[in-house]
Each structure stands twice: as structure tokens, then as C-alpha cells.
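Encoded as C-alpha cells, the structure appears first; notes follow it.
The values are calculated or read from the model by the stated rules, or taken from the named source; none is laboratory data. Since the structure is predicted, the reported quantities are computational estimates derived from the model, not experimental observations. Virtual Cβ from ideal backbone geometry, glycine too; neighbours counted across all protein chains shown.
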Amino acid sequence: MTDTAMIQGAIERARGRTAAVHYLGTSSGGFATYSVGSSRDTDAAYNVTVRDEQYRCTCPSELRPACWHRSAVAIIRASRLMFGLLADGPNPREVA
Ligand SMILES: [Zn+2]
């Protein structure tokens, strides 16, 4: 499978799965951490960390060019930015 096909597939799998993304918080080092549920096993979640627009995922796809976990987090962050919020969240202030 080519990189482009893999990236395309990851974006397609991320569709409708943004509900599986949960923002856990941002570390003092600036790493925003998200828990993203597995599509196959609801008990299995992976962590996606974002720092300086670099996305990392703990799933087995880590070394591949793309996975739907990172894609789903990117969709949420892009939407938040578009609405004028900070990319990472929701944070406690927004929930209150
Ligand atoms: Zn992943």
C-alpha cells in the first residue's frame, strides 16, 4: 500500500469516530495528550500526543505514515481552531 493510500484510508476511518477522542490534558512540556478508543475493541484505547503540530500515536501504526487516531484528533483540533478556540480541549474553563 502506498503512503498516500494509507493516509487516505486513515482519514476515511476517522470519519464519524471523533466521539472516541478524549482530551486528557497538556503536560508542562507542551505535549497535549488525547485518549482515542479503538474501532475494533472499545476497551482498547491509544494515546495521541501533539506538540508543535507533530502527532504521535501509541498504536501499532506508529511507524506508518498515518492512522485514524491521529486523523480524528486532527479533525477536532482543526474544528476548534476554526471556531476561535485553542486547538487543545475541551479544557475545564470551557466545560464550566
Ligand atoms: Zn494510532
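Just wondering, is there one or more residues in segment 25-47 that are assigned to a helix (DSSP H, G or I) and either of a type outside the set (G, A, S) or over 12 Å from the mean Cα position of the chain (by Cα) (or both)?
No, the conditions are met nowhere in segment 25-47.
Show the residue pairs that are 6+ apart or on different chains and have beta-carbon atoms under 7 Å apart, the first residue being within segment 19-38 and farther than 13 Å from R77 by Cα, the second being among the small types (G, A, S) and part of a strand (DSSP E or B).
Short answer, once both residue conditions are applied: A20/G37; L24/S35; T26/A32; S35/A45; V36/A45; G37/A45; S38/A45.
Which one is surrounded by the fewest Cβ atoms within 10 Å (Cβ to Cβ), of the residues in segment 32-44 that are at pLDDT 90 or above and within 18 Å of I11 (Cα to Cα)?
Within segment 32-44, the match that is surrounded by the fewest Cβ atoms within 10 Å (Cβ to Cβ) is S35.
Name the pairs whose Cβ atoms lie under 9 Å apart, with the first residue in segment 78-96 and without any contact (Cβ under 8 Å) to a residue 12 or more places away in the chain and assigned to a loop (DSSP other than H, G, I, E, B), the second charged (D, E, K, R) and surrounded by 12 or more Cβ atoms within 10 Å (Cβ to Cβ), and 6 or more positions between them or separate chains?
L86/R80
Restricting attention to segment 56-66, does a residue exist that is within 16 Å of the ligand (Cβ to nearest atom) and modelled with pLDDT of 95 or more? Quick ask: steps written out before the conclusion?
Applying the first criterion (within 16 Å of the ligand (Cβ to nearest atom)) to segment 56-66 yields 56-66.
Next, only the ones that are modelled with pLDDT of 95 or more stay: none.
Within segment 56-66, none of the residues are within 16 Å of the ligand (Cβ to nearest atom) and modelled with pLDDT of 95 or more.
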